[in-house]
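Visitor: Here it is: the structure, laid out below.
The values are calculated or read from the model by the stated rules, or taken from the named source; none is laboratory data. Keep in mind it's a predicted model, so treat the numbers as computed, not measured. Every residue, glycine among them, receives a Cβ derived from its backbone with ideal geometry; neighbour counts consider all protein chains shown.
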Amino acid sequence: MVNYYLRHLAEPSNSTLTHFRRSPLAYYDHVTSGDDESTGTMRYGRAFHLALLEPELFERTFIVLPDGDMRSKAGKEAWVADCCIAADVALSASASLDAKSLRNAVAAELERHGRTVMTQADWDTLRHQVDSLNLPEHEDIRRLIASCECEVEARWAEGNLRPKSKLDLLNRGMLLAGDVKTTDDADPEEFRRSVWSYGYHYQEAMYRRAMQRGLELEGDALFTFVLAGKRAPYHWSWVQLETEWVNEAAERI
């Protein structure tokens, strides 16, 4: 299967079109540069999506480095050995490095093995978020997610272009799709205030286009943003955007 995240000029997605709305040159530069623009927030969001929707892949991808006494060379060697055991890979990082450089070297080496290092704090927050979905007050959202396929790719043709989208949640029978967002407190009104800043109406419009043209699902689809709070007590909620917002975005796309 073609790697969805490889960027090509003729394969616009919602994320790359955000650059096109700035300018065609910005789009060209983003697609051809090969630079990874991921921020800490984006990396956390990716980790959360995997933990929620693809837990087996999450376990194979993300790792928390063990603690260790790195004040001596022997301590550093022991720590590297513990990292090898935790990640189940052979690491060659040198214990002659200072502690910070050694941690960075191990993290970089793990990236080459397909493993991404998380902090213990992020790991704990993520687990609290996912586990809170099992609370009785979140039953409706839990059932919604359980009824859907996850991470559904859609590709289609429009002239010389081959647009693509990946839907977090899709129930084909119910014509229902959703996108999961991590937020501070899953406050629907706060999310609405951020729609224009982050272009969430464009995202919904693109995903609806993917359902119609890429997955060939006919009828009026229902789309919702599922919000997962990152602060205790780890609320969940959902939001549906105004039709006129989405229609305006669809026209511009």
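Visitor: Quickly run through the range 218-251 and pick out the residues that are touching a Lys or Arg at 6+ places or on another chain (Cβ under 8 Å) and modelled with pLDDT under 95.
Guide: ALA221
Visitor: Moving on. Mind checking which residues of the range 87-125 are without any contact (Cβ under 8 Å) to a residue 12 or more places away in the chain, surrounded by 12 or more Cβ atoms within 10 Å (Cβ to Cβ) and under 29 Å from ALA228 (Cβ atoms)?
Guide: Of everything in the range 87-125, just one residue is without any contact (Cβ under 8 Å) to a residue 12 or more places away in the chain, surrounded by 12 or more Cβ atoms within 10 Å (Cβ to Cβ) and under 29 Å from ALA228 (Cβ atoms), namely ASP124.
Visitor: Anything in the range 126-168 that is more than 21 Å from TYR202 (Cβ to Cβ), in contact with a Lys or Arg (Cβ under 8 Å, 6 or more places away or on another chain) and surrounded by fewer than 19 Cβ atoms within 10 Å (Cβ to Cβ)? List them, or say none.
Guide: LEU133, ASN134, GLU149
Visitor: Can you name the residue in the range 67-83 that is under 33 Å from the mean Cα position of the chain (by Cα) and exposed (fewer than 15 other Cβ atoms within 10 Å of the Cβ) and, of all such residues, is farthest from ARG127 (Cα to Cα)?
Guide: In this case the residue turns out to be ALA81.
Visitor: Follow-up question, since we're still on this one. Would you confirm whether or not the range 22-45 contains a residue that is modelled with pLDDT under 90 and among the basic types (Lys, Arg)?
Guide: Scanning the range 22-45, I find at least one residue that is modelled with pLDDT under 90 and among the basic types (Lys, Arg), so the answer is yes.
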